[in-house]
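Each reported figure results from applying straightforward, stated rules to the coordinates on display, with no laboratory input. None of the values given here were measured: they were computed from a predicted structure. Neighbour counts are summed over all protein chains in view; Cβ atoms, including those assigned to glycine, are modelled from backbone coordinates with ideal geometry.
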Amino acid sequence: MLNRLLRTALLPLVCLTIAPLGHAAAEKKRNITEKDLFDFVWIGNPQVSPDGARVVYVRVVVNEKKEGYDTSLWMLATAGGEAPRQLTNGPHDGGARWSPDGKLLVFTRADEKDGKPQPPQLCLLSMAGGDAFVFTDLPKGAGDPKWSPDGKWIVFTESSNPEDLAKQAAKKKKEKAGEKAEEEHESDVHVITQAVYRENDEGYLDPKRPQHLWIIQALQSADEKREPRQLTSGRFDEGNAFWSKDGAQIYFTSLHVVEPYYELPKTELYVIPAKGGDAKLLLTIPMDTGALALSPDGKSAAFVASVDEPVNSYTQPDLWTIDLTPGAQARNLTSGFDDDAGAGVFGDNAAPRGLGGNAPVWSADGKTIIDIYAKEGQTQLAAFDVANSAVTDLTHGKQAIIRYSAAADGKKTVCLVSTPTRINDLFCIDQPGAEPRQLTHVNDTLFAQLNLTEPEEIWYESFDGKRVQAWVQRPPGFDPTKKYPLILNIHGGPHAAYGYIFEHEFQWMAAKGYVVLYPNPRGSTSYGQQFGNIIQYKYPGDDFKDLMASVDEVVRRGGIDEKKLGVTGGSGGGLLTDWVVGHTDRFAAAVAQRDIADWADWWYTADFTLFQPSWFKTPPFLDTEGDYKARSPITSINNVKTPLMLVLGEDDTRTPPGAGGEQMFRALKFRKIPTVMVKFPNETHELSRSGQPWHRVERLEHIVGWFDHWLLGVAKPEYEVAPKDEVSAKPKPPAEKRP
């Protein structure tokens with residue numbers, strides 16, 4: 001473990017204290033509902049101006065039809081004392097970046113044409129006033145803009161190929177001549193040659209259109225015209241661009257390997273003259289790096305990554321630095337730090353659009369690097385000493401720092417904070433040692449009406465002596481002398497973690513009268529490398545015992561009706577839900593979401609490969625030990641007696657329905673076990689977090705509806721095959737059907 005002694009060379013400890021929302025009398029408040037989601041306001045991608053005086057962020061709301069989300073840019077002074085000011089009208093603006101002098105903002109805007117979304121283009125907005133204007137017009141759009149140090153150029157990413165550009169040029173030429181430009185047919189047939197050919201929430205990958213770097217001179221007004229210039233080319237994707245200190249060169253990452261899934265992850269760092277020329281390979285880093293941040297002296301970069309050798313199921317992320325010289329080796333600043341650098345806990349209400357990402361932040365003197373880390377269900381901000389690896393917490397408390405940004409000198413920092421009773425708000429740390437100040441109150445009006453409850457943190461001992469952390473969300477007005485139904489809610493991943501972050505699902509279940517138990521069993525992150533990786537080649541397995549021990553502990557503490565237990569979970573939690581009902585009858589009902597029923601089928605159909613031995617030692621066709629079968633819930637289908645609902649997204653390629661819920665449904669129907677399958681059209685694996693708002697609400701209603709029916713006896717005719725009074729006592733045999 002790293003030495004955590006506070007040193008004068010480091011930033012002193014700051015306590016980020018979150019004030020409770022409102023003090024209205026309980027009788028004036030109401031319980032939260034599933035449809036309150038329609039009124040939530042989310043914040044994404046905060047960006048502090050270079051001088052630290054302002055912060056611009058993405059404001060996300062549910063659109064009028066409740067079928068999607070609108071995003072717009074807002075700004076406020078970090079000194080406080082004024083209301084946020086809307087900068088753009090949206091409806092799909094985001095990704096803002098300040099010019100080095102703070103006078104301009106570049107951002108992305110995605111418009112609609114004839115009711116169809118168009119690729120995002122780059123926009124500029126002057127802080128001196130005036131309307132934002134679009135200054136790129138590329139067939140496949142533009143993204144991830146980065147300013148040069150002198151503010152004269154912007155590098156960005158784009159994926160149009162030469163054919164796209166030629167077609168666009170020909171179309172514009174015809175339109176200029178007054179001729180009608182006919183749309184050419186483009187085949188929608190996918191000719192697939194690589195094992196990874198689609199990505200959940202993105203659709204099919206397009207190898208004909210790799211992402212490249214482009215550059216354009218910055219404009220001062222809409223009257224100016226500048227043509228972007230393609231900087232890189234070839235068959236491989238490029239990204240993570242950042243400028244050299246003098247602006248003469250641009251660094252970027254790529255990987256020139258045709259089928260990288262046969263090899264361990266690595267990142268190639270290239271450099272190219274900003275004026276154009278050939279890109280040169282500078283370094284090969286034996287890890288899949290996150291965003292790279294240039295040091296103040298321009299000589300090195302910082303990033304977060306995990307070492308993947310040996311191959312583990314889980315490897316903790318670390319904070320690294322590397323000199324930008326050929327042959328340099330990365331240096332691990334957190335090798336003795338048994339927490340997850342650059343990582344956090346997750347909830348169901350991070351901004352569903354425009355959230356952005358984090359990157360390490362250097363102090364002005366280059367002596368420390370600021371980043372988040374996860375520990376025991378919390379996400380905190382910390383300063384990591386570059387010289388001696390000492391760590392100084394900048395925040396503490398029962399919370400999750402979701403995003404952060406800092407001024408050019410690295411002193412003033414703005415954090416996006418979530419707690420179990422706060423979706424997200426911005427807080428400002430003015431300087432090292434200063435008390436954080438709350439800048440936004442985006443959901444206070446709504447939340448002042450709601451009777452939200454804080455979860456109780458518990459620790460318990462599992463079967464082998466391991467201590468496991470969990471939380472219990474109790475109903476408002478909980479009476480310990482009464483008996484309540486309980487829902488065990490299992491997280492996915494499996495390498496992820498619940499924690500001190502807002503969970504609408506848990507608050508609503510509790511408001512409906514359920515005690516909600518959500519543990520972090522072995523395999524969860526934020527508890528060290530050994531705890532996270534212990535399930536390698538054993539998943540599911542002992543984590544099931546941890547889950548049952550959590551139920552035992554909460555029952556032991558009282559207030560639970562043991563005949564009214566429910567279990568649910570999504571993704572890896574859906575897999576474990578299937579596993580639970582195949583290994584115990586203690587639950588009266590279950591809801592498996594986005595599950596895996598058969599590991600072998602999943603191996604063949606998921607959107608990413610398992611070509612490395614991270615979860616299984618061999619592919620299924622070489623599995624002589626029967627590991628895939630032994631660890632697949634479908635193998636235990638004859639043991640299932642629990643009524644089961646399956647919640648599935650029809651476009652989910654992370655856990656394809658055919659490898660999960662569809663199998664469980666058909667098998668249980670054959671066995672005449674009560675089962676219902678609820679399928680959501682056009683939804684991916686992200687249904688619960690960023691799916692269509694109406695679908696997110698309906699998902700909650702179906703989950704709780706199933707538990708209401710089987711745990712509380714509420715009539716739910718929609719879950720019956722047919723109305724009971726219409727079912728014949730002697731049904732006619734079905735007509736013969738051909739397969």
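Worth pointing out:
- Placing dummy labels 7 Å off each Cα toward the beta-carbon, the span from Ala630 to Glu227 is 6.5 nm.
- Karplus-derived 3J(HN,Hα), 6.51/-1.76/1.60, for each residue of region 520-531, Hz, glycine and proline x: 10, x, 3, x, 6, 7, 6, 10, x, 4, 5, 5
- For region 523-674, the Kirkwood estimate of hydrodynamic radius, built from reciprocal distances between every pair of different alpha carbons, is 16.2 Å.
- Relative contact order of the chain, pairs being alpha-carbon contacts under 8 Å that are 6 or more residues apart, as %: 12 percent
- Ordering Leu576, Met548, Thr653 by Cα displacement along the dipole of region 456-722 toward the positive end leaves Met548 in first place; charges were set at the Cβ atoms of Lys, Arg (+1) and Asp, Glu (-1).
- Shape descriptor for region 302-430: Rg over Rh equals 0.97 (Cα atoms; Rh from the Kirkwood inverse mean 1/r).
- Segment Arg689-Asp297, extension gain: residue separation times 0.36 nm, minus the distance between their alpha carbons: 137.1 nm
- Remark: the Glu64-Asp188 segment gains 41.5 nm on full extension, using 0.36 nm per residue and subtracting the alpha carbon distance.
- When both region 339-356 and region 639-656 are represented by their alpha-carbon centers, they are found 25 Å apart.
- Think of the chain as having a plus end and a minus end, set by charges on the Cβ of Lys, Arg, Asp and Glu; of Tyr251, Gln230, Ser690, Ser690 sits farthest toward the positive end of this dipole.
- Folded to 0 to 90 degrees: helix 162-176 orientation relative to the chain principal axis, Cα: 70 degrees
- As a rough guide to protection, the peptides 463-476, 234-247, 98-111 ranked by mean Cβ packing within 10 Å, highest first, stand as 98-111, 463-476, 234-247.
- Axis of helix 572-581 versus longest Cα principal axis of the chain: the two differ by about 10°, to the nearest ten degrees.
- Asn161 versus Gln612: modelled label distance in nm, points set 7 Å from Cα along the beta carbon direction: 2.9 nm
- Estimated distance in nm for a label pair at Lys29 and His256, the labels positioned 7 Å out from Cα along Cα-to-Cβ: 6.0 nm
- Its relative contact order, with pairs defined as Cα atoms under 8 Å and 6+ residues apart, puts region 456-722 at 16 percent.
- Here the chain is assigned +1 on the Cβ of each Lys and Arg and -1 on the Cβ of each Asp and Glu. Its dipole about the Cα centre then comes out at about 800 debye.
- Net charge of Cβ neighbours under 12 Å - reference Val516; Lys, Arg +1; Asp, Glu -1: -1
- Listed residue pairs exceeding 30 Å between alpha carbons, taken from Lys563/Lys716; Lys466/Lys672; Lys140/Lys299; Lys398/Lys641: Lys466/Lys672; Lys140/Lys299; Lys398/Lys641
- Computed E for Lys563/Asp479 - FRET, C-beta separation, R0 22 angstrom, nearest 0.05: 0.75
- Within-13-Å neighbourhood charge of Pro46 [Cβ basis; K, R +1; D, E -1]: +4
- Computed from the C-beta positions of Lys679 and Asp101 and an R0 of 60 Å, the FRET efficiency is 0.70 to the nearest 0.05.
- Whole-number Å³ per residue for the convex hull built on Cα positions in region 132-257: 147 Å³
- Histogrammed with a bin width of 5 Å, the alpha carbon distances of region 634-721 distribute as 3, 14, 23, 21, 21, 14, 4, 0 percent, first bin at zero.
- Charge sum, other residues only, whose C-beta stays under 12 Å from Pro145's C-beta, Lys/Arg counted +1 and Asp/Glu -1: +1
- Tilt relative to the chain, helix 542-556 - C-alpha long axis, 0 to 90 degrees, to 10: 60 degrees
- Restriction of the trypsin sites (Lys or Arg not before Pro) in region 125-168 to DSSP coil positions whose beta-carbon has at most 15 other beta-carbons within 10 angstrom yields Lys152.
- Residue-by-residue Karplus 3J(HN,Hα) for region 267-284, coefficients 6.51, -1.76, 1.60, Hz, glycine and proline x: 10, 9, 9, 10, 9, 9, x, 5, 7, x, x, 7, 7, 10, 6, 9, 8, 10
- The three principal axes of the Cα atoms in region 463-607 give end-to-end lengths of 49, 29, 29 Å, sorted in falling order.
- Under the Debye formula (equal points on every Cα, no solvent term), log10 I(q)/I(0) of region 277-334 at q = 0.14, 0.31 Å⁻¹: -0.41, -1.39
- Stokes-Einstein diffusion for region 456-722, with the hydrodynamic radius set to the Kirkwood value over Cα pairs and evaluated at 25 °C in a medium of 0.890 mPa s, equals 132 µm²/s.
- Highest average packing first - 709-716, 564-571, Cβ atoms within 10 Å: 564-571, 709-716
- Principal axis dimensions, the chain - Cα atoms, whole angstrom, descending: 79, 67, 55
- Applying 1/(1 + (r/R0)^6) with R0 = 60 Å to the Cβ-Cβ distance of Asp464 and Asp278 gives a FRET efficiency near 0.55.
- Averaging 1/r across all pairs of distinct Cα atoms in region 257-297 and inverting the result yields a Kirkwood radius of 12.3 Å.
- Averaging Cα coordinates gives a centre for region 373-433 and one for region 473-549; these two points are 25 Å apart.
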